[in-house]
Amino acid sequence: MISVIVHINNEDAVVCEMEETPDPSSSYVVLYNPRLRDGNDLHYLDESVTSMWLPWHRINFVQVLPSTEADDVIGFVRD
């Protein structure tokens with residue numbers, strides 16, 4: 001999963017995960033575990049919601065957060 005911050009028109013930014021980078025030709029983006037930056041629930045979603053579809057026209061931009069997976073870490077190697 002890719003962790004992102006989605007900036008929605010006239011709303012607070014939403015921290016969530018995506019399975020993969022979205023296709024620009026699609027009309028919506030699927031977001032998993034949506035929450036505010038401080039971890040609180042979004043006031044316009046029920047408490048039990050774990051994913052939501054957001055139309056592209058409502059999104060200003062998306063920030064991709066650095067991955068914390070061990071596979072993505074490259075260390076310094078000296079011969």
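Coordinate-derived values only; no laboratory data. Because the structure is a prediction, the values reported are computed rather than measured. Cβ: placed from backbone, ideal geometry, glycine included. Neighbour counts: every protein chain shown.
Of all residue pairs spaced 6 or more apart or on separate chains, those with beta-carbon atoms under 8 Å, a first member in the range 28-43 that is free of Cβ contacts under 8 Å to residues at least 24 places away in the same chain and more than 15 Å from residue 54 (Cα to Cα) and a second member that is in a strand (DSSP E or B) and of a type in the set (Lys, Arg) are 41/35. The set of residues from the range 27-71 being part of a loop (DSSP other than H, G, I, E, B) and over 19 Å from residue 1 (Cα atoms) comprises 27, 38, 40, 41, 42, 43, 44, 45, 46, 47, 48.
Within the range 1-10, the set of residues being out of contact with any Lys or Arg (no Cβ under 7 Å at 6 or more places or on another chain), touching a residue at least 24 places away in the same chain (Cβ under 8 Å) and not in a strand (DSSP E or B) comprises 1 only. Within the range 9-25, the set of residues being under 18 Å from residue 50 (Cβ atoms) and exposed (fewer than 14 other Cβ atoms within 10 Å of the Cβ) comprises 19, 20.
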